[in-house]
Amino acid sequence: MPGVPGGFHLRGPGGFFRLADQPPWGRDEHGFVRWPRVEALLDAAAAPTPTPEEFAAYLRQHGWRHEASDSHWSRFTKPAPDAPYELEIPLLHAAGDYPRAARSVLENLSLFEQRDASQILRDVKAVSLDIVRIGIVSAATRDGRIPVEAGHRVFEAARDLLLAAACAVDNPRAAFPNSKTEQVRELVRNARFGRSEIGSYVVTIECEVPPHLTDGQSEDADQPMERRTSARLADAVAALGAASRESAGSGSFGPFEQSVASGVSANLCEAIADILQATEAESIWTSVSFASSRPRKGEPPARVQFSQSSLGLLREAARQLRASATYPSFELVGVVKALHSSDPAHGGTAIVISELDGRWRRVSTPLSATDYVKAIRAHEQREMVRCIGDLTKAGRGWSLQNVREFEFVPES
């Protein structure tokens, strides 16, 4: 391979790596190649040092074969015309000299692949990440920067995009309320915004995925929440793109309704529309890449694009999806604003003011006789109440049916 010294590398004193012959790069007193830029890359403030698992997954992804491991090293080989290349990665991640050994691995890989060490580092760190990319093609972002106000709205909408996918993992619906399950909240807490990438302005969301220990299959059936969310997002965005194109031609709401089973929701439509509107973008595109440490069957998801002309269509689709949505087992928390009953002994209806979708809404709540008595007390004493029911749109308002577990909210 041009530019790669013969023999590639050997293990040096102390278990570190060095090239077998004498290339024209500088070395320190121990004989190690020293690239100040690589050391700077792995500075704690610049980028975290790759773990042994990330190095191993990267090598397997790029055609290296695992040969053997001991308590300190894993040995990998790659075929070559004369003799196979050999590379060893350190396994003692907690050891004090691990960062130094990791630098040497990156240096050798950079020489072998003839690529910049920063690119190698980025790809090694990505092997355990499912990455969502949102590219913004706009006059305001062509230089790779974004206005502060637009950026605030874009990052908020990107979070909503991830939330919409996470909520639709197990139970796709036309719309999702503000309240989220603990599993969804934990996923969003653990996800990270990555660095913007080259190409106008690209927002990246990274979800770390546990590696899959292979058992002869390329993909396991019991996927972690992180992978199920990124897979659902890829399917949902693709379905939304197809529904937008079909609806633009037919003028029908039907394509959006039919795409709900694939993860399309009012929340997803609103997130895409918010990014288009906030940046006045000519277009935006989304893509999802999956961690190679947990392989996924099939072709990689294609990039999906939405133009500024689709903004109005997405807003209207979101409105109609919300109007048709039902929220089973919805927890309503609010204040009793009004009461209506022709005979309180047989129950009545309470109008509860509650926050829905970021706004205060009036929710008509039919109650049994026992619960209606509680509602009267709550109204008189201005106490907050909580109950469970099936929330539906009713004309311009909302209604909670099949009410149960009606109770007062403690003062705390």
Looking across the stretch 68-91 at residues that are without any contact (Cβ under 8 Å) to a residue 24 or more places away in the chain and within 23 Å of A291 (Cα to Cα), the single one that is surrounded by the most Cβ atoms within 10 Å (Cβ to Cβ) is F76
Taking interchain pairs and intrachain pairs at least six residues apart, which have beta carbon atoms under 6 angstrom, with the first residue in the stretch 237-259 and closer than 16 Å to L311 by Cβ and the second crowded, with 16+ Cβ neighbours inside 10 Å and among the small types (G, A, S)? A243/S259; S244/S310; F256/A243; F256/A317
Only residues that are in contact with a Gly (Cβ under 8 Å, 6 or more places away or on another chain) and surrounded by fewer than 17 Cβ atoms within 10 Å (Cβ to Cβ): list them for the stretch 385-410, please. Q401, N402, R404
Hits in the stretch 228-257 - residues which are small (G, A, S) and closer than 19 Å to V188 by Cα: S230, A231, A234, A236
If you check L87 against the conditions, is it assigned by TED's automatic domain parsing to the domain that holds L121, among the aliphatic types (A, V, I, L, M) and not in a helix (DSSP H, G or I)? yes
When residues of the stretch 325-361 are limited to those that are assigned to a loop (DSSP other than H, G, I, E, B) and within 21 Å of K374 (Cβ to Cβ), the one nearest to the chain's Cα centre (by Cα): G347
Anything in the stretch 167-183 that is more than 16 Å from A239 (Cα to Cα) and surrounded by 20 or more Cβ atoms within 10 Å (Cβ to Cβ)? List them, or say none. C167, F176
Test for S128: is it in contact with a strand residue (DSSP E or B) (Cβ under 8 Å, 6 or more places away or on another chain), crowded, with 18+ Cβ neighbours inside 10 Å and more than 30 Å from S309 (Cα to Cα): yes
Check whether at least one residue in the stretch 23-44 is modelled with pLDDT of 80 or more and under 34 Å from the mean Cα position of the chain (by Cα), and report yes or no. no
Tell me, which residue of the stretch 108-140 that is among the acidic types (D, E) and out of contact with any Asp or Glu (no Cβ under 7 Å at 6 or more places or on another chain) is nearest to F55 (Cα to Cα)? D123
Filter result for V154 (of a type outside the set (S, T, Y), in a helix (DSSP H, G or I) and either in contact with a Ser or Thr (Cβ under 6 Å, 6 or more places away or on another chain) or not assigned by TED's automatic domain parsing to the domain that holds D390 (or both)): yes
Criterion violated by E316 - all others in (1) surrounded by fewer than 13 Cβ atoms within 10 Å (Cβ to Cβ); (2) in a helix (DSSP H, G or I); (3) acidic (D, E) satisfied: (1)
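The values are calculated or read from the model by the stated rules, or taken from the named source; none is laboratory data. If you're wondering where the values come from, they're calculated on a predicted model, not measured in any experiment. Heads up, the Cβs are rebuilt from the backbone with ideal geometry, glycines too, and the neighbour counts pull from every protein chain shown.
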